[in-house]
Number of protein chains: 4
Amino acid sequence: MTNVMDKAALQDYLSKEFGPVGAALSIEEVTEQSVTLRLTPEQHHIRLGGTVSGPSLFMLADVGFFFAILARLGPVAMAVTTNASIDFMRKPDGAKPVLGECTVHKLGRTLAVGQVLMRNPGSDKVLAQASMTYAIPPKRD
Amino acid sequence: MTNVMDKAALQDYLSKEFGPVGAALSIEEVTEQSVTLRLTPEQHHIRLGGTVSGPSLFMLADVGFFFAILARLGPVAMAVTTNASIDFMRKPDGAKPVLGECTVHKLGRTLAVGQVLMRNPGSDKVLAQASMTYAIPPKRD
Amino acid sequence: MTNVMDKAALQDYLSKEFGPVGAALSIEEVTEQSVTLRLTPEQHHIRLGGTVSGPSLFMLADVGFFFAILARLGPVAMAVTTNASIDFMRKPDGAKPVLGECTVHKLGRTLAVGQVLMRNPGSDKVLAQASMTYAIPPKRD
Amino acid sequence: MTNVMDKAALQDYLSKEFGPVGAALSIEEVTEQSVTLRLTPEQHHIRLGGTVSGPSLFMLADVGFFFAILARLGPVAMAVTTNASIDFMRKPDGAKPVLGECTVHKLGRTLAVGQVLMRNPGSDKVLAQASMTYAIPPKRD
């Protein structure tokens, strides 16, 4: 599939539209297959014990997959999450960034479905995996 | 099943241990079947369009189910989320609290499994449903 | 919500349309809130160790939720499963029937979302829980 | 990670231990990263409309991920599925085999977690994705 927004355009959208949530996030890499976001944990992302909290990883997957759709469709529509299933496998060190590699496996007329793999930079150990489904609103003519 | 912590004890634990996250949450009701938490949305829980964000509902389900386990086991162990699957059905009005009714269906030796139903107070419309699995650390002798 | 098909009509549909799959299933109960199906395990539903297999419980949830939608909408449309998340909690004795209580929490224009709780008759122990999403095809005018 | 069973050993185990279920399955490929199973649909795997049924894809994911664990651990333990979340994206043509590529992302002491991607041979279109969690029984000394 072909992208209609590149890394710079996605980063610009993230900076302008996502307010405080976007401050901890940046676009790491954009390929034909996937969009990767970086979460640099802030104080409020850290849980007791010094790990990145579950809701913060969920946010990374949720926002990241939105940008993977955006890369394909452009900022034409307000897609909303309908389902997310997330498996937490390893405790993420709060001192390290987390990369979320977001792949759209199906971009249908009404649903976009795919997955997010979360790892630390330079590591191949998966910290968490998420399956995501977004509803894409119908085009207005 | 019998509870070992009541509403007051759970509220006390929430206030003391959950820091800023806990400020938006309170224990609404505790029965033999379920523990219900209330999320009173703060500014940072609200998305564009005035709805409660997905990660905020995830946080309600995640923390709420932890308290449903706590009611049964007491504050003996540091349980961690291993899987969460959440379906978002209706956009939650950011001006209204959200109640998360958390039910433990299986409290095993190593896993606790159950569900969370999220609704506005006084409404029977389900805003979101979540299936939750927590790993319970082995007892230290 | 109101049903447009009752127990007899659903049972008739099950007998006529579901071929060999339907032979092990029957409509147990239909209320305003939920539709319950009964699975009477046959030899091919049993795994080593004498328990009902995971795919058989999945089939019960999948077919059962279809009938919960049917009760509301009638046999007008060919709904298809888009997501299923299932938690297996207790090993189901292959010598006992399994009841799947199917509840539609949201019946939208394009998606139906809800849950299935599986138990043995007369028991309140949940054997497995499933979250189900079906896509409802658009009406043809 | 290193495998302790190769393709021939896994195929042998499948043929001997999985009875009629195994007849439609074969081990397609085994690498350091993943184990791929092939489902050659039989009559009872086909739904109205000529597509492979949801429960059949679930079975492929469920059995396939078991073999991905087996490749790592050997036939030492009776692992059981605790959670499966599956997204159905495209209707699989019942006349074509389905390959399930099974990857273990985390092999812990008590849980094995990973994913399964299902495609037709020679196609890169994902038909369905599954997230799988198996509980691994404790070693008996």
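Structure notes:
- Check on A:SER34, more than 9 Å from every other protein chain (Cβ to nearest Cβ), hydroxyl-bearing (Ser, Thr, Tyr) and more than 15 Å from the chain's Cα centre (by Cα): no
- Complete set of residues in region A:67-89 that are out of contact with any helix residue (DSSP H, G or I) (no Cβ under 7 Å at 6 or more places or on another chain), open to solvent by less than 20 Å² (accessible area, probe 1.4 Å) and among the hydrophobic types (A, V, I, L, M, F, W, C): A:ALA68, A:ILE69, A:MET89
- Among the residues of this structure, B:GLU32 counts as one that is at negative phi and at pLDDT below 95.
- Region C:16-38, residues that are in contact with a strand residue (DSSP E or B) (Cβ under 9 Å, 6 or more places away or on another chain) and in a helix (DSSP H, G or I): none
- Restricting attention to region C:4-41, the residues being more than 14 Å from C:GLY64 (Cα to Cα) and polar (S, T, N, Q) number 0.
- Taking (1) within 25 Å of D:SER131 (Cα to Cα); (2) part of a loop (DSSP other than H, G, I, E, B); (3) touching a Phe, Trp or Tyr at 6+ places or on another chain (Cβ under 9 Å) in turn, A:PRO55 satisfies each apart from (2).
- Filtering region A:113-131 to residues that are open to solvent by less than 50 Å² (accessible area, probe 1.4 Å) and of a type outside the set (Gly, Ala, Ser) leaves A:VAL113, A:GLN115, A:VAL116, A:LEU117, A:MET118, A:ASN120, A:VAL126, A:LEU127, A:GLN129.
- Of the criteria (1) modelled with pLDDT of 95 or more; (2) on the phi > 0 side of the Ramachandran plot, which one A:GLY19 fails: (1)
- Cβ-Cβ contacts under 7 Å between residues 6 or more apart (or on different chains), taken from a first residue in region A:64-85 that is in contact (Cβ under 8 Å) with a residue 60 or more places away in the chain to a second residue that is of a type in the set (Gly, Ala, Ser), are listed as A:PHE65/A:GLY114; A:PHE66/A:ALA79; A:ILE69/A:ALA79; A:ILE69/A:ALA112.
- Output for region D:1-12, where each listed residue is open to solvent by 50 Å² or more (accessible area, probe 1.4 Å) and part of a helix (DSSP H, G or I): D:LYS7, D:ALA8, D:GLN11, D:ASP12
- Where strands (runs of 3 or more DSSP E) fall entirely within region C:62-132, those with at least 1 residues that are more than 9 Å from chain B (Cβ to nearest Cβ) and of a type in the set (D, E, K, R) are at C:98-107, C:111-119.
- Residue ID - surrounded by the fewest Cβ atoms within 10 Å (Cβ to Cβ), chosen from residues in region B:13-32 that are among the hydroxyl-bearing types (Ser, Thr, Tyr) and within 19 Å of B:PRO121 (Cβ to Cβ): B:THR31
- Taking region C:42-62 as the range and being free of Cβ contacts under 8 Å to residues at least 60 places away in the same chain and either within 20 Å of D:GLU42 (Cβ to Cβ) or of a type in the set (Asp, Glu) (or both) as the test, the residues that pass are C:GLU42, C:GLN43, C:HIS44, C:HIS45, C:ILE46, C:ARG47, C:SER53, C:GLY54, C:PRO55, C:SER56, C:MET59.
- Of D:THR103, D:THR110, all but one fail to be at pLDDT below 95, hydroxyl-bearing (Ser, Thr, Tyr) and open to solvent by 10 Å² or more (accessible area, probe 1.4 Å); the exception is D:THR110.
- Test: C:GLY49 is open to solvent by less than 30 Å² (accessible area, probe 1.4 Å) and either in contact with a helix residue (DSSP H, G or I) (Cβ under 8 Å, 6 or more places away or on another chain) or in a loop (DSSP other than H, G, I, E, B) (or both): no
The values are calculated or read from the model by the stated rules, or taken from the named source; none is laboratory data. For clarity, every value in this text was computed on a predicted model and none was experimentally measured. Note: ideal-geometry Cβ built from the backbone for every residue, glycine included; neighbour counts use all protein chains shown. Surface areas here come from the heavy atoms of the whole protein model, side chains and all, with no ligands, DNA or RNA. Shrake-Rupley method; radii C 1.70, N 1.55, O 1.52, S 1.80 Å.
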